[in-house]
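Engineer: Could you have a look at this structure, given as structure tokens, before my questions?
The values are calculated or read from the model by the stated rules, or taken from the named source; none is laboratory data. Here the structure is a predicted model, which means the values were calculated and not measured. All Cβ positions, even for glycine, are placed from backbone atoms using ideal geometry, and neighbour counts span all protein chains on display. Only protein heavy atoms, including side chains, enter the accessible area calculation; ligands, DNA and RNA are left aside. Shrake-Rupley method; radii C 1.70, N 1.55, O 1.52, S 1.80 Å.
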Amino acid sequence: MRYLASLIIVVFFIQPIASQTYEVGLMAGGANYIGDVGSTYYISPNNVAFGAIGKWNRSKRHAFRASFLYAKLNANDDKGDDRRKQRGLSFSNSVKEISLGMEFNFWDWYLYDGESQFTPYLYTGITTFNYGALAVDANNQIDAYADKWSFAIPMVLGIKKTLGENFVFGAEIGARYTFTDNLDGSNPDDRFGTGFGNLNNNDWYVFTGITLSYTWGRIPCFCAF
């Protein structure tokens with residue numbers, strides 16, 4: 001009983017006081033695509049996006065970060081310029097991404113003294129994602145013909161703030177520059193023809209939303225790296 005009582009004291013009392021090295025939470029918001037169909041606005045979320053996020057706060061100024069995100073993408077030429085409206089194409093797609101990289105804090109992010117913390121941050125790394133490869137069919141409709149994987153470079157700007165001792169709330173806008181030009185069916189495999197639009201520019205997609213994470217863990221040694 002003495003050892004059990006000691007374990008309970010460590011887990012429920014000592015750990016929360018000196019915790020916050022790790023963060024695990026959820027992401028939710030909206031997504032939009034940037035490419036050869038529909039609106040030309042860079043930030044215009046028009047469909048749902050959600051996922052999960054984890055961080056290892058390695059120092060006051062940087063954290064290693066991993067995330068999973070599911071985002072619906074759609075666009076309609078009715079929302080574009082006059083030329084796109086005359087063309088009249090539309091599509092729906094989705095991406096399922098896994099991202100690994102590093103988050104850089106503008107200001108010190110120190111979660112161990114009980115003080116409220118706030119900082120803007122940047123995130124980048126490497127992303128791999130699954131999507132539906134699309135093509136224009138004989139009826140001038142854009143349909144999927146295969147599932148494919150590709151890579152993207154995430155460029156994320158956000159802000160975050162502690163909520164009490166063990167929660168962190170954040171808001172971010174993150175653009176993904178993809179290594180494909182066929183989220184929209186504009187540049188399919190050669191067997192579907194030559195495609196349309198600007199075939200020299202790859203597609204982008206953008207997540208705009210919030211994060212809420214729970215923190216725990218002992219103070220790390222900041223001297224290693």
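Engineer: How many angstrom lie between the C-alpha centres of the range 19-94 and the range 97-122?
Structural biologist: 21
Engineer: In terms of modelled amide H atoms, which long-range or inter-chain residues lie less than 5 Å from the amide H of F91?
Structural biologist: Long-range HN contacts for F91: A75.
Engineer: Same structure again: Count the net charge of all other residues whose Cβ sits under 13 Å from the Cβ of F179, scoring Lys and Arg as +1 and Asp and Glu as -1.
Structural biologist: -1
Engineer: I need the Debye-formula profile for the chain: one equal scatterer per C-alpha, no solvent, reported as log10 I(q)/I(0) at q = 0.16 1/Å, two decimals.
Structural biologist: -1.01
Engineer: Let me ask something else about it. Where the accessible area of the chain is counted over protein heavy atoms with a 1.4 Å probe, how much of it, in %, is carbon and sulfur?
Structural biologist: Of the solvent-accessible surface of the chain, carbon and sulfur hold 62 percent.
Engineer: Here is a further query. Starting at the first residue of the range 104-111, write each ³J(HN,Hα) from the Karplus equation 6.51 cos²θ - 1.76 cosθ + 1.60 with θ = phi - 60°, in whole Hz, x for Gly and Pro.
Structural biologist: Rounded to whole hertz, the list is 10, 8, 5, 10, 4, 10, 10, 9.
Engineer: Right, something else. Relative to the Cα centre, what is the charge dipole magnitude of the chain, using +1 at the beta carbon of each Lys and Arg, -1 at the beta carbon of each Asp and Glu, and rounding to the nearest 20 debye?
Structural biologist: So the magnitude is around 720 debye.
Engineer: Another question about this same structure. Which of R65, R191, R83 moves most in a GNM of the chain, Cα contacts under 10 Å?
Structural biologist: Among R65, R191, R83, the largest mean-square fluctuation in the Gaussian network model of the chain belongs to R191.
Engineer: What list of ³J(HN,Hα) values in whole Hz, one per residue of the range 87-98 in order, does the Karplus curve 6.51 cos²θ - 1.76 cosθ + 1.60 (θ = phi - 60°) give from phi, with Gly and Pro shown as x?
Structural biologist: After applying 6.51 cos²θ - 1.76 cosθ + 1.60, I find 5, x, 8, 7, 7, 10, 8, 8, 10, 10, 10, 10 Hz.
Engineer: Have a look at A31, A75, A138 and tell me which one the Gaussian network model of the chain (Cα, springs below 10 Å) gives the largest fluctuation.
Structural biologist: Ranking A31, A75, A138 by mean-square fluctuation puts A138 first.
Engineer: Tally Lys and Arg at +1 and Asp and Glu at -1 over the other residues with C-beta under 11 Å from the C-beta of F167: what net charge comes out?
Structural biologist: Charge balance in the 11 Å sphere: 0.
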